[in-house]
Ligand code: ADP
Ligand code: MG
């Protein structure tokens with residue numbers, strides 16, 4: 001018997017190959033599969049008569065196969081499958097390319113449902129490469145008719161395969177445990193969990209999608225509220241170390257910077273330092289658009305916390321800075337080392353698991369004249385590091401895994417989290433629980449804007465600092481949506497920039513080529529650019545499947561301008577700072593969310609040089625996706641972009657999951673203040689009852 005916990009490999013037709021591919025999408029059990037949500041839908045509308053079909057229109061027809069045969073076109077090296085389909089209004093020619101297996105699956109006499117675009121060539125109309133499924137009595141059509149879900153895919157799984165698997169298990173949604181209180185569901189007229197999940201995959205009409213989305217959105221907000229209320233309780237009696245404001249050193253630090261701090265940076269730093277002075281645990285969000293200069297503000301906090309440790313001789317206390325990726329952690333390590341070079345503070349980098357950490361600790365040489373020569377970085381690789389050695393550090397920089405339960409950090413005094421793209425309620429809660437005596441101050445840095453009302457309602461007591469400006473010499477990034485046929489022009493432009501000794505990012509959605517989807521991949525693009533387009537230029541690539549050391553090396557080399565073009569997946573999305581890069585070219589841009597694209601764009605324009613962002617539209621993109629991308633041409637402000645994105649969605653295009661920028665909110669919108677308020681009310685009622 002298959003149940004929710006069964007492995008997906010128990011499903012019919014799922015062998016090793018497919019289950020491995022599903023693993024890559026984090027789908028291991030039936031329940032995971034049910035929780036793999038569509039990101040958009042197509043509404044195919046009513047089935048059309050063949051005689052009603054119009055050239056250029058996408059439609060569904062249903063009929064009988066009169067004839068089906070394979071042909072080879074040697075000139076074009078294509079395998080062509082041709083068929084004639086008849087319904088009671090007429091007959092139409094259907095053509096598929098390079099899908100020879102079709103003539104084995106489909107036979108004359110079969111009834112089929114086809115969805116595709118009618119095209120005309122040399123005066124003859126044909127339906128080209130339509131999606132097909134056999135009509136079998138008693139079975140619902142799921143690929144070609146009505147409202148059809150689309151999923152974010154990678155790893156060579158198709159939408160069709162996924163829908164097919166989901167159909168097999170969709171009845172198990174009844175067994176999902178519904179955690180929303182019954183009276184809450186009644187008051188708000190919300191669907192049961194099971195039917196919501198069923199409808200999100202196989203909606204009958206638009207109303208189904210709306211209702212399912214509302215239920216799932218509410219649940220996300222409700223859970224967040226419950227967590228936030230219990231966090232509040234948790235923190236109520238907790239104390240944090242009081243970290244004095246070291247005015248003299250802070251001033252020294254600020255005047256050592258190669259630039260003047262902006263007023264908003266000063267203000268934010270001041271607010272943070274005020275919080276840290278108190279024994280009341282700080283829970284603060286530092287919000288500022290990409291490139292607004294949050295790192296230096298965070299460094300001021302780290303500096304003060306490190307100074308307290310040294311001056312008060314508190315043993316084994318650390319301040320932590322955590323980044324979402326190793327590349328970013330490494331970069332922060334270097335940046336902050338440089339920023340704090342005049343201070344006698346030990347900074348260490350901690351990556352991967354503790355046992356095989358690349359432990360780097362820099363010890364400043366106190367002899368000033370020898371500084372240049374002797375400031376050496378001692379690196380010990382893959383060596384078990386003794387705890388005592390580790391505790392020598394005043395500041396530890398690493399990835400988000402730094403505060404996993406087992407890391408031997410005894411007394412974190414200050415924890416700064418960079419770009420975690422979460423609300424961080426859970427993380428804050430974990431830290432609160434960590435020690436019985438003192439709980440660390442907590443500061444979260446984010447470029448993803450949260451409306452203030454939501455921030456307040458989610459954390460209850462959260463404080464927000466805002467850097468609303470960007471350093472003044474920075475210019476607006478010239479952004480352009482470019483169609484595939486104008487790609488040459490972009491390449492020409494890139495050539496000029498490179499002659500100017502500037503560097504280029506090229507982003508692709510996938511790592512490996514996948515011809516089925518026609519989506520650009522890093523490996524393909526790298527090959528194309530280095531062999532055909534720019535054979536004389538040094539180009540490198542970067543993706544998440546590479547080893548950490550390889551990634552680091554590539555980033556280092558890019559930073560030191562050893563090569564000109566970096567072809568990469570979204571691993572460079574957050575925080576990476578290469579001031580000399582002036583062009584960001586994004587392939588298949590419509591596959592990314594606007595917030596994410598805005599992040600990519602923030603990788604350039606980080607110096608006084610004019611920078612550019614090209615959003616490439618693939619051939620298959622719709623006008624809708626062009627419109628969406630044009631929001632980025634118009635606006636440079638993350639908050640505005642998020643708002644516009646949402647408006648476009650509201651205007652009729654049906655979306656499954658929403659890209660709010662926060663993984664906790666797949667369905668809920670940051671701007672749905674009404675639902676947020678209701679979730680808050682209901683959470684309060686629930687918590688009271690629970691006592
Ligand atoms: P983000 O807020 O996206 O993390 P960073 O902290 O990485 O931004 O800062 C982006 C760049 O701007 C860095 O190179 C940093 O040195 C520089 N920077 C920060 N503050 C200022 C300032 N006040 N004036 C000029 N440049 C600044
Ligand atoms: Mg940053």
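The values are calculated or read from the model by the stated rules, or taken from the named source; none is laboratory data. Model, not experiment: these values are computed from the prediction. Cβ placement follows ideal geometry from the backbone for every residue including glycine, while neighbour counts extend to all protein chains displayed.
Things worth noting here:
- For the range 577-585, the condition holds for no residue, the condition being that it is over 16 Å from the mean Cα position of the chain (by Cα), buried (at least 21 other Cβ atoms within 10 Å of the Cβ), more than 16 Å from ligand 1 (Cβ to nearest atom) and under 26 Å from residue 333 (Cβ atoms).
- Cross-chain or 6+ apart pairs with Cβ under 7 Å, the range 283-299 first and in the same structural domain as residue 598 (by TED's automatic domain parsing) and over 15 Å from residue 450 (Cβ atoms), then near ligand 2 (Cβ under 10 Å from one of its atoms) and not in a strand (DSSP E or B): none
- Residue 218 assigned to a helix (DSSP H, G or I), assigned by TED's automatic domain parsing to the domain that holds residue 439 and in contact (Cβ under 8 Å) with a residue 60 or more places away in the chain: no
- Residues satisfying the stated conditions in the range 282-326, i.e. within 13 Å of ligand 1 (Cβ to nearest atom) and more than 28 Å from residue 236 (Cα to Cα): 288, 289, 290, 291, 292, 293, 294, 295, 296, 324
- In the range 225-263, of all residues being closer than 16 Å to residue 343 by Cβ and more than 16 Å from ligand 1 (Cβ to nearest atom), the one that is surrounded by the most Cβ atoms within 10 Å (Cβ to Cβ) corresponds to 243.
- Looking across the range 513-551, the residues that are touching a helix residue (DSSP H, G or I) at 6+ places or on another chain (Cβ under 6 Å) and either surrounded by fewer than 18 Cβ atoms within 10 Å (Cβ to Cβ) or assigned to a strand (DSSP E or B) (or both) come down to 513, 533, 539, 540, 541, 542, 544, 548.
- Within the range 33-53, the residues that satisfy the criterion of being within 24 Å of residue 153 (Cβ to Cβ) and either in a strand (DSSP E or B) or touching a helix residue (DSSP H, G or I) at 6+ places or on another chain (Cβ under 9 Å) (or both) are 33, 34, 35, 36, 37, 38, 40, 41, 42, 43.
- Of all the listed residues (199, 214), the sole one being modelled with pLDDT under 95 and touching a helix residue (DSSP H, G or I) at 6+ places or on another chain (Cβ under 9 Å) is 214.
- Subset of the range 144-162 that is outside any loop (DSSP other than H, G, I, E, B) and touching a residue at least 24 places away in the same chain (Cβ under 8 Å) - its residue that is farthest from residue 18 (Cα to Cα): 147
Each row is one residue, and each column tells you yes or no for (1) assigned to a loop (DSSP other than H, G, I, E, B); (2) within 16 Å of ligand 2 (Cβ to nearest atom).
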{"site": "553", "(1), (2)": "no, no"}
{"site": "561", "(1), (2)": "yes, no"}
{"site": "577", "(1), (2)": "yes, yes"}
{"site": "596", "(1), (2)": "no, yes"}
{"site": "599", "(1), (2)": "no, yes"}
{"site": "610", "(1), (2)": "yes, no"}
{"site": "616", "(1), (2)": "no, no"}
{"site": "624", "(1), (2)": "no, no"}
{"site": "629", "(1), (2)": "no, no"}
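- Residue 640 being at pLDDT 70 or above and more than 26 Å from residue 520 (Cα to Cα): yes
- Pick from the range 323-349, criterion without any contact (Cβ under 8 Å) to a residue 40 or more places away in the chain and assigned to a helix (DSSP H, G or I), ranking: surrounded by the most Cβ atoms within 10 Å (Cβ to Cβ): 337
- For the condition outside the structural domain of residue 591 (by TED's automatic domain parsing) and closer than 30 Å to residue 588 by Cβ, residue 186 does not qualify.
- Residue within the range 304-322 that is buried (at least 24 other Cβ atoms within 10 Å of the Cβ), within 27 Å of the chain's Cα centre (by Cα), on the phi < 0 side of the Ramachandran plot and part of a helix (DSSP H, G or I) present: no
- Residue in the range 54-75 that is in a loop (DSSP other than H, G, I, E, B) and within 30 Å of residue 668 (Cβ to Cβ) present: no
Rundown of residues vs (1) outside any loop (DSSP other than H, G, I, E, B); (2) without any contact (Cβ under 8 Å) to a residue 24 or more places away in the chain; (3) closer than 21 Å to residue 519 by Cβ; (4) touching a helix residue (DSSP H, G or I) at 6+ places or on another chain (Cβ under 8 Å), yes/no style:
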site: 139; (1), (2), (3), (4): no, yes, no, no
site: 142; (1), (2), (3), (4): no, no, no, yes
site: 169; (1), (2), (3), (4): yes, no, no, yes
site: 177; (1), (2), (3), (4): no, yes, no, yes
site: 190; (1), (2), (3), (4): no, no, no, yes
site: 194; (1), (2), (3), (4): yes, yes, no, yes
